[in-house]
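Visitor: I'd like to ask some things about the structure below.
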Amino acid sequence: MSETGAAAGASSTERKPRRLRGHKKGAVTCCVASSARPGVVVSSGEDGCLCWFDLRTKDVLLTIEATNKAISSVCFKAGNEDFVYVSAGNEILSFDVRMGSQSKPLETYNYNREEINQIAVSSKGFLAAADDSGDVKIVNTMQKCLYKRLREAHTSICSSVQFIPWRPWTAITGGLDSKLAVWDFSKGRTLFSIDYGSPEMQNRSSSASAGQCLNPAFIHSVAVSEEGGLYKVCAVARGDGAVDVVDLEYELAPAKSKGPSRAGGSAMSSKGTDLGNGSSNQSQQKRILLDYTMGGHTAAVSCVAFSAFGEKGKFLVSGGNDASVKLWDWSKGFSSETNSNSELVLDIDVKKKVNWLCTAPTDSDNLIVCDTSKVVKVYNFP
């Protein structure tokens, strides 16, 4: 779709959302949808509370006063969603939802020196915590001890961390130093990295999207496609208003060989990846850029998530400081079909800056948005 076609095909809409009330004050900071219980969503807030919602009902199901600090991140325990982990300050706490509103922390981890920005849990029971120092701590929750410290890839705040589900010993991190790093966390070393702040990357971005806003390409959020999805990729929410989609298997392929290590911050793939504007480039495209020329964000992108509805991983959702949420049919950009381009299919004006979002399919497709208010908003699409 052309620039004008994208803008015309996905004009900004003011959909009226459902409002889920449960938090007492401050902003809602994070939300996560249950995969074991369709329609169940957990949110966290600056009020230190966890709220459980069922999208089939009106009222909050459960509220836990988890901490007297703002909660920065929340995630379910892999394989048992009766348990959740939350980060607050430099601590990680775990709770058992079956204990109700009186639930007290079951476990507490204090391995991070500075404030934690995001936590993630792997299928093998490892818990990752990215903090303001630039370090990532990997905790073995089975043995309840520190497993690894990932360091020296980031020179500034590490804002985001995710595990790669189809590679059980691999994690990916992003930081406010504009660097994306993929790790073999069993060995504590990087497999490859991308520096979005390097002159080469900046030149390629500017040539692909002339006129893009001038904010640095800080990485605010990283999302990884689910195992079994269309493509094995990650999406990167950038401070310059763009979303980058990276073919991880393509980038990781050199790490399998006995050639020179790619750790240490290579700016681009040695295979000469074309940083494009969402076009397939005759199936040679291994990295696509979703920016304002396609109807994208005009301010920093704060979060990204692959949708749980539709064909698995087909859609990518992004939220930004421009108070908008975008739904992208991004996978067309990786298609081998001629003239098949990534496409913006929905643009929602949500009125406030977006902190986090997730998707939860029930009888309809639901998009859950956390913004700078204390109310969780749900947009549904029949």
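The values are calculated or read from the model by the stated rules, or taken from the named source; none is laboratory data. Keep in mind it's a predicted model, so treat the numbers as computed, not measured. Neighbour counts are summed over all protein chains in view; Cβ atoms, including those assigned to glycine, are modelled from backbone coordinates with ideal geometry.
Visitor: Just one of (1) at pLDDT 95 or above; (2) surrounded by fewer than 14 Cβ atoms within 10 Å (Cβ to Cβ); (3) under 20 Å from the mean Cα position of the chain (by Cα); (4) not acidic (Asp, Glu) trips up SER35, so point out which.
Guide: (1)
Visitor: Looking at (1) assigned to a strand (DSSP E or B); (2) aromatic (Phe, Trp, Tyr); (3) in contact with a Lys or Arg (Cβ under 9 Å, 6 or more places away or on another chain), which is the one condition that is false for TYR111?
Guide: Evaluating TYR111 over (1) assigned to a strand (DSSP E or B); (2) aromatic (Phe, Trp, Tyr); (3) in contact with a Lys or Arg (Cβ under 9 Å, 6 or more places away or on another chain) leaves (1) as the failure.
Visitor: What number of residues within the stretch 134-172 satisfy the criterion of being surrounded by fewer than 17 Cβ atoms within 10 Å (Cβ to Cβ) and of a type in the set (S, T, N, Q)? Step through it out loud before you land on a result.
Guide: Here is the first cut: in the stretch 134-172, the residues surrounded by fewer than 17 Cβ atoms within 10 Å (Cβ to Cβ) are 140, 142-146, 149, 151-152, 155-156, 166, 168-169.
After this cut, where a residue has to be of a type in the set (S, T, N, Q) as well, the list is 140, 143, 155-156.
Final tally of qualifying residues: 4.
This table checks each residue for (1) of a type outside the set (Lys, Arg); (2) within 26 Å of TRP356 (Cβ to Cβ); (3) not in a strand (DSSP E or B).
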site: LYS148; (1), (2), (3): no, no, no
site: HIS154; (1), (2), (3): yes, yes, yes
site: VAL161; (1), (2), (3): yes, yes, no
site: PRO168; (1), (2), (3): yes, yes, yes
site: ALA171; (1), (2), (3): yes, yes, no
site: ASP177; (1), (2), (3): yes, yes, yes
site: ALA181; (1), (2), (3): yes, yes, no
site: LYS187; (1), (2), (3): no, no, yes
site: THR190; (1), (2), (3): yes, no, no
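Visitor: Determine, yes or no, whether LYS352 is outside any strand (DSSP E or B) and over 17 Å from SER43 (Cβ atoms).
Guide: Spelling it out, it is not the case that LYS352 is outside any strand (DSSP E or B) and over 17 Å from SER43 (Cβ atoms).
Visitor: So which residues in the stretch 115-149 are polar (S, T, N, Q) and within 18 Å of ASN90 (Cβ to Cβ)?
Guide: Within the stretch 115-149, ASN117, GLN118, SER133, THR141 qualify.
Visitor: Just the residues that are at pLDDT below 95, closer than 27 Å to LEU146 by Cα and of a type in the set (A, V, I, L, M), please, taken from the stretch 49-98.
Guide: Within the stretch 49-98, ALA78, VAL97 qualify.
Visitor: Counting just the residues of the stretch 195-228 that are closer than 18 Å to ALA253 by Cα and at pLDDT below 95, which one comes out surrounded by the fewest Cβ atoms within 10 Å (Cβ to Cβ)?
Guide: GLU227
Visitor: Let me ask another. Hey, could you check the stretch 79-115 for residues that are of a type in the set (Phe, Trp, Tyr) and in contact (Cβ under 8 Å) with a residue 40 or more places away in the chain and say which is surrounded by the fewest Cβ atoms within 10 Å (Cβ to Cβ)?
Guide: Restricting to residues being of a type in the set (Phe, Trp, Tyr) and in contact (Cβ under 8 Å) with a residue 40 or more places away in the chain, the top hit is PHE95.
Visitor: Just a yes or no: is a residue in the stretch 124-137 touching a strand residue (DSSP E or B) at 6+ places or on another chain (Cβ under 8 Å), closer than 22 Å to GLY45 by Cα and among the β-branched types (Val, Ile, Thr)? Please lay out each step first, then the result.
Guide: Going through the stretch 124-137, the residues touching a strand residue (DSSP E or B) at 6+ places or on another chain (Cβ under 8 Å) turn out to be 125-137.
Still in the list and also closer than 22 Å to GLY45 by Cα: 127-132.
From what is left, the residues that are among the β-branched types (Val, Ile, Thr) are none.
Within the stretch 124-137 (the criterion being touching a strand residue (DSSP E or B) at 6+ places or on another chain (Cβ under 8 Å), closer than 22 Å to GLY45 by Cα and among the β-branched types (Val, Ile, Thr)), the answer is no, since none of the residues qualifies.
Visitor: What residue, of SER331, SER302, is among the polar types (S, T, N, Q) and in a helix (DSSP H, G or I)?
Guide: The conditions single out SER331.
Results for (1) among the hydroxyl-bearing types (Ser, Thr, Tyr); (2) closer than 23 Å to LEU252 by Cβ; (3) out of contact with any helix residue (DSSP H, G or I) (no Cβ under 9 Å at 6 or more places or on another chain); (4) in contact (Cβ under 8 Å) with a residue 40 or more places away in the chain, shown as yes or no for each residue.
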residue	(1), (2), (3), (4)
ASN117	no, no, yes, yes
ALA120	no, yes, yes, yes
LYS124	no, yes, yes, yes
ALA130	no, yes, yes, yes
GLY134	no, yes, yes, yes
VAL139	no, no, yes, yes
GLN143	no, no, yes, no
SER159	yes, yes, yes, yes
ILE164	no, yes, no, yes
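Visitor: Got at least one residue in the stretch 351-368 being within 27 Å of ARG56 (Cβ to Cβ), surrounded by 17 or more Cβ atoms within 10 Å (Cβ to Cβ), at pLDDT 95 or above and in contact with a Lys or Arg (Cβ under 8 Å, 6 or more places away or on another chain)?
Guide: Looking for residues that are within 27 Å of ARG56 (Cβ to Cβ), surrounded by 17 or more Cβ atoms within 10 Å (Cβ to Cβ), at pLDDT 95 or above and in contact with a Lys or Arg (Cβ under 8 Å, 6 or more places away or on another chain), one finds at least one in the stretch 351-368, hence yes.
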